[in-house]
Structures are given as structure tokens and as C-alpha cells.
Amino acid sequence: MHLPVFRTRLTDLFGIRHPILAGGLMWLSDARYVAAVVRAGGMAFLTPRSFAEPDGFARELEKCRELTGGLPFGVNLNVSKVEGHNLRLEAWLELSLRAGVRHFETVGRAPGDLIHRIHAAGGIAIHKCPLLRHALNAERAGADAICLIGVEAGGHPGAAQLGSLVVAPMAARQLSVPLVVAGGIGTGESLLAALASGAEGVLLGSRLLAAAEIWAHPAYKARIVAAAQDSSVVTFAGTHPMGAWRVLENATSREVLRREAAGARDHAEFADLVGGTRSRDHAYRDGDVERGMLSCGPAAAFCDVVEPMEAIFDRLMTEAVAARRRLAGLTLDMVSA
């Protein structure tokens, strides 16, 4: 267990040892994953959308509370722009609050009402979004912190067009609440760079996909470990209601790109490839990594071994310390210069 190195407003806000948050990975963000991040010194968020019924989510909340040994953990609440996808949002919030959760990651448009309800229950909310103007709106709506997503992020980076280390100093100059950046971050050097750019922490997703505590099939983790810098592709750029989707390059994503190039635009033209639980059932459960749209960014290239979450965090912090030491060695002695 690596001792704390950096104290930021984010570590104070969430009560964590390290300025590292972990993404709410669809299908993968279960109690074991979240608790592993919390015990390693970060903060992670259960994803209710990964559970078919509220009862299943409620059981996972209880399991997570047991695995964390009473340490705080978080829940991801996504305000979807797709009609009908928000019907259970109120139930998810109520179940989370009843289980003692007070740390929330909100996503989506017009989060003000949701943030108000979280605050009314004594909770805190970090709002995740792709654009600075969205971040400023969320800050005005009461968000306690902001996570800005760079274009390198795996999954759905929304309308993000800038890299995480480009947007970080821009946002830090305009936001008053703590800033977290995400996208392409997978090393301690990246963590230090984000802090130097004005962020108070980072959010990791792809870098954690090969963690031992991720429940997915060993063949899927082996594919992540084998990933190179160019192993992810961006699909649905401007052609899908959900927007761009950065995923692992495989047979499914190549077919999506082929259909896009051929002029396909309607959701129905891709439904046989992207709908339902295909990624969960084929890749994560059965190990067929060629089937399903598997959210993944270039930071997966830093996953060179399947290892426990605590080992990943320890490595990140050791790298950050070494990078800080290297920078100190580059500093001129102005007295003798």
C-alpha cells in the first residue's frame, strides 16, 4: 500500500489517499471492482445500469459496503438523453442513499435537479462531461467537482474534441470547483502532468481493465494486456444517437466502420452489432473478444500484466514520485546560474 503523496481538494472532498477516481465501467463496475479501488486509495462508482433490476443493484450495494469494510464508495447516475432510459433513476438514487452512499458521479444533460437531491441528502456530486461549457453549467448547477473527458477516453467521450492535457489548463483557469480530467491517462507521469496542468486528480478507465478484480473472462484480459497504442478505434462519429464511441478494435468494430463507410446512418442498421448485452455475454463472460463493442481507449496499452488493483495504484504512485523527482533534477539553480 503506497503512502499518500499528493493532497488536493479532490482527496479532501472524497476522503481518499490518492487523487485517482475510477470510471463506472458498463457491465464491469461491480462491488468487487469498486471495493478494490476504494481499498487501494481511490474512489470508484457502481453503475446501476449494469443490473437488470433494482433488487440486483440493491444487493450489489450491500455487497460493496461489506467488501469496503465501511469505507465510502460511489454510485454513477446517468441522466440519459434517450427516451425511457431514466425511468429507474429515482429508484437508483433512493436505493443508494438508503445504503449509505453519499458520493455520486453524475453524467448527462441538465444535472441540476439530480445534484440538488443529492445535496439535500447530505451527498456530494462530481459531474462528468465532455465540454468546458457543460462543465461551467454544471458548476452553476451546484456540482461539487467536475470531471472533463478528453477525446482519448474509451467509451462515449461525447462531443469532446480536445485531449485531456489540452483541456485541463483551460478548465482550471475558469472553474472554481475541483477539476478531474480523464482520457488517455494510464501512468504516474500522466497523473503528475494532469496535476501540473491545474487538475486536482484524474479518472481512469481503460488502464484498469486488466485488474485482477475485474470479473471479465481471462481471454478478454489477455486481449487488453496485448493492446497497443493503436488498438482502439472511434466509431459512430456523428452517425449514432449516442455519439462517438471509442472501442477496442475487433471484428465487430471493423464491421461497424465498414457499414458507416458504406453510408449506414440509422440505428437499425447497426442493431445486430451493438444492441443489448452482446459485449457482456460474448466478450466479458465467454471470452470471445471479436464480438461486441468493447469500450476501450489507448491507455489500455499501459496494461502489461493482470495484477491486483492495489498493485496498479502503487505502480502509478511510484511512477508519479519518480517523475516528480526527475523534474526536480531539471530545475536550474537560479542562485548559481
Kindly indicate the residue of the stretch 280-318 that is among the small types (G, A, S) and within 26 Å of V151 (Cβ to Cβ) and also surrounded by the fewest Cβ atoms within 10 Å (Cβ to Cβ) among those meeting that condition. A301
Hey, could you check the stretch 223-262 for residues that are in contact (Cβ under 8 Å) with a residue 60 or more places away in the chain and not in a loop (DSSP other than H, G, I, E, B) and say which is nearest to S164 (Cα to Cα)? R246
Please go through (1) crowded, with 23+ Cβ neighbours inside 10 Å; (2) modelled with pLDDT of 95 or more; (3) over 20 Å from A199 (Cα atoms) for A153 and return the number of the only condition it doesn't satisfy. (3)
Residues in the stretch 30-51: is at least one farther than 21 Å from G155 by Cβ and modelled with pLDDT under 95? no
Among (1) closer than 29 Å to K221 by Cα; (2) basic (K, R); (3) surrounded by fewer than 18 Cβ atoms within 10 Å (Cβ to Cβ), where does R65 come up short? (3)
Quick one: how many residues across the stretch 4-25 are touching a residue at least 60 places away in the same chain (Cβ under 8 Å) and part of a loop (DSSP other than H, G, I, E, B)? 8
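Taking R246 as the residue in question, decide whether it is at negative phi and surrounded by fewer than 24 Cβ atoms within 10 Å (Cβ to Cβ).
Details: at negative phi: yes; surrounded by fewer than 24 Cβ atoms within 10 Å (Cβ to Cβ): no.
For R246, the condition - at negative phi and surrounded by fewer than 24 Cβ atoms within 10 Å (Cβ to Cβ) - is not met.
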Any residue in the stretch 84-109 that's in the same structural domain as A160 (by TED's automatic domain parsing) and part of a loop (DSSP other than H, G, I, E, B): show its pairings with residues that are surrounded by fewer than 16 Cβ atoms within 10 Å (Cβ to Cβ) and of a type in the set (D, E) at Cβ separation under 8 Å, as long as the two are six or more apart or on different chains. A99/E62
Out of (1) free of Cβ contacts under 8 Å to residues at least 24 places away in the same chain; (2) assigned to a helix (DSSP H, G or I), the odd one out for A283 is which? (1)
Run Q161 past the list (1) polar (S, T, N, Q); (2) surrounded by fewer than 17 Cβ atoms within 10 Å (Cβ to Cβ); (3) in a helix (DSSP H, G or I) and report the number of the one that doesn't hold. (3)
Within the stretch 215-234, restricting to residues that are within 18 Å of the chain's Cα centre (by Cα) and crowded, with 22+ Cβ neighbours inside 10 Å, the one that is nearest to S295 (Cα to Cα) is S232
Out of curiosity, is A268 part of a helix (DSSP H, G or I), within 20 Å of G23 (Cα to Cα) and out of contact with any Asp or Glu (no Cβ under 7 Å at 6 or more places or on another chain)? no
Would a scan of the stretch 308-323 turn up a residue that is under 17 Å from H156 (Cα atoms), touching a residue at least 24 places away in the same chain (Cβ under 8 Å) and not small (G, A, S)? no
So which residues in the stretch 294-303 are farther than 10 Å from I224 by Cβ and either acidic (D, E) or part of a loop (DSSP other than H, G, I, E, B) (or both)? G297
All positions within the stretch 38-88 that are of a type in the set (S, T, N, Q) and within 29 Å of P308 (Cβ to Cβ): T47, S50, T68, N76, N78
Where residues in the stretch 31-49 are under 19 Å from L93 (Cβ atoms) and of a type outside the set (V, I, T), which of them is surrounded by the fewest Cβ atoms within 10 Å (Cβ to Cβ)? R49
Taking the stretch 194-221 and the residues there that are in a loop (DSSP other than H, G, I, E, B) and not small (G, A, S), the one that is nearest to R9 (Cα to Cα) would be E200
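The values are calculated or read from the model by the stated rules, or taken from the named source; none is laboratory data. Nothing here was measured: the structure is a model prediction, and the numbers come from that model. We place every Cβ from the backbone using ideal geometry, glycine too, and count neighbours over all the protein chains shown.
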